[in-house]
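Participant: Before I ask anything, here is the structure I am working with.
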Amino acid sequence: MKKRSNKPMAIILALIISIIGWAVKAEALEPRLLWEKTMPFEIGSIEMAAQSGNVIISSRKARQIILYDRNGNKRFHLGPRIDRQPMGIGISDDGNTIVYTTSWTEEYTEKKKIDIDKLGWDTRVHYSTRRGKELWNKKIEGSASLSPVGSLVAVVGEHGMGGVPLTVLDSKGNVLWKYPSRFRLGLRFSPDGSHILFYDGDLHLFDKSGNLLWKKTDALEADSVSEGATYITTRDKKVYDKQGNVILEGDARVSGNGKKLIVLYANKMNVLSLPDKNVMKEYPFRGGFLSYDGNFLVARTVSGNLLIIDTLNQVSSEIYIEGKYRLRGSTNDGKYLVVAIEDKKLLFYQVY
């Protein structure tokens, strides 16, 4: 007698479990505040580790750098110092590696009677573990950014600083390549660290080895890029593919995995699928952030609340935040996000 197969039943059971799982996730979209920190100084820069959720902040005026883990525990604290001030910060996706730039303070140069015109500002790039163990530092003029996996450090002149080349180093501090620049306005790594977008009046796309893939003299700074630089959106409202072709015009943002695109209009927002550019959903408000996989969308409502949308299950939740605030970072999975209120207070939320 032929034995009856249980395969169809197993498939049905797996499907039911999958549906229940998504339903549970949808119901669990209830953002809650995990911790908040009020700083005695104005926060200058904020970076969030895309996987671990660690948050690093810096203040040039207060001459301090602080790293918090996603539970709100302080893991690293540099400063305040009389002689040096932080300029730029960066953190790897796993939160285990940080990079920061320091330079002499005016107070220190005046006290020591240092001739800045002759010696410069002694700008240094520091490469460190998340607990503050410095692995190396180098005297390089400019401000540093860290690639997502922490294997590359890109150093460029500060905003508007002219004549400082783009310098890319490895995790040991060795200079890999340089590229001359007119002045610095923007630099961005692709989410997988395979490409670098650099803007100095012209928009350049490099691979990580320093090969210039293309340069656009009529483009503005990039404000989002997908892995592998498959899609790039710019501030002059254009979307480019990896070959430098304009595939769409509009105020847009691309998800990290390159599968979804949001296009902003005066009073609405469309979510498009890529590469076909079909409209998946239209929302009656403006947004500005997509999670790495495009499954979570963060927008601001007419009343000013922060709105979080699960684009797969089409459920949403609002967060009321008192005061003037800005979304300053989110993890790739959209589970954690950090908000700054008037550059004085940090709010750290768990979304689901």
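Participant: Specify which of the listed residues (D236, D218, D200, D192) is under 18 Å from the mean Cα position of the chain (by Cα) and of a type outside the set (S, T, N, Q). So that I can check it myself, show each step before the final result.
Facilitator: Details: D236 fails: under 18 Å from the mean Cα position of the chain (by Cα); D218 fails: under 18 Å from the mean Cα position of the chain (by Cα); D200 fails: under 18 Å from the mean Cα position of the chain (by Cα).
The conditions single out D192.
Participant: Which condition does L306 not pass, out of (1) modelled with pLDDT of 85 or more; (2) over 24 Å from I57 (Cα atoms), if it passes all the others?
Facilitator: Unmet for L306, out of (1) modelled with pLDDT of 85 or more; (2) over 24 Å from I57 (Cα atoms): (2).
Participant: Let me ask something else. One residue is enough: does segment 280-288 have a residue meeting the conditions in a strand (DSSP E or B), within 26 Å of K335 (Cβ to Cβ) and touching a residue at least 40 places away in the same chain (Cβ under 8 Å)?
Facilitator: Filtering segment 280-288 for residues in a strand (DSSP E or B) gives 280-283, 287-288.
In the following step, the residues that additionally are within 26 Å of K335 (Cβ to Cβ) were identified as 280-283, 287-288.
Narrowing the set further to residues that are touching a residue at least 40 places away in the same chain (Cβ under 8 Å) leaves none.
No; the residues of segment 280-288 include none that is in a strand (DSSP E or B), within 26 Å of K335 (Cβ to Cβ) and touching a residue at least 40 places away in the same chain (Cβ under 8 Å).
Participant: While we're on this one: Which count do you get for residues in segment 259-275 that are over 22 Å from T301 (Cβ atoms) and assigned to a loop (DSSP other than H, G, I, E, B)?
Facilitator: Just the residues of segment 259-275 that are over 22 Å from T301 (Cβ atoms), to begin with: 259, 273-275.
Applying the additional criterion that residues be assigned to a loop (DSSP other than H, G, I, E, B) yields 259, 274-275.
Of the residues in that region, 3 qualify.
Participant: Check Y231, Y265 and return the single one that is of a type in the set (S, T, Y) and over 21 Å from N332 (Cβ atoms).
Facilitator: On inspection, the qualifying residue turns out to be Y265.
Participant: Out of everything in segment 191-220 that is surrounded by 15 or more Cβ atoms within 10 Å (Cβ to Cβ) and of a type in the set (G, A, S), what residue ends up being farthest from N245 (Cα to Cα)?
Facilitator: Going through the qualifying residues, I end up with G193.
Participant: While we're looking at this one, here's another question. Going residue by residue through segment 292-300, is there one that turns out to be free of Cβ contacts under 8 Å to residues at least 60 places away in the same chain, over 19 Å from A50 (Cα atoms) and not in a strand (DSSP E or B)?
Facilitator: No: zero hits.
Participant: Hey, can you tell me all the residues within segment 125-152 that are of a type outside the set (S, T, N, Q), within 19 Å of the chain's Cα centre (by Cα), under 17 Å from L67 (Cβ atoms) and not in a loop (DSSP other than H, G, I, E, B)?
Facilitator: Y127, A144, L146
Participant: Moving on. Which condition number in (1) under 30 Å from S92 (Cβ atoms); (2) over 17 Å from the mean Cα position of the chain (by Cα); (3) surrounded by fewer than 20 Cβ atoms within 10 Å (Cβ to Cβ) is the one that K281 fails?
Facilitator: (1)
Participant: For segment 52-70, enumerate the residues that are aliphatic (A, V, I, L, M), touching a Pro at 6+ places or on another chain (Cβ under 8 Å) and modelled with pLDDT of 90 or more.
Facilitator: Across segment 52-70, the qualifying residue is only I65.
Participant: Here is a further query. I'd like the full set of residues that are polar (S, T, N, Q) and out of contact with any Gly (no Cβ under 6 Å at 6 or more places or on another chain), limited to segment 240-298. Steps first, answer last, please.
Facilitator: Filtering segment 240-298 down to residues polar (S, T, N, Q) leaves 243, 245, 255, 257, 267, 270, 273, 278, 291, 295.
Correct list: Q243, N245, N257, N267, N270, S273, N278, N295.
The values are calculated or read from the model by the stated rules, or taken from the named source; none is laboratory data. Remember, predicted model here, so these are calculated numbers, not experimental data. Don't worry about glycine lacking a Cβ; one is built from the backbone with ideal geometry, like all the others, and counts go over all protein chains shown.
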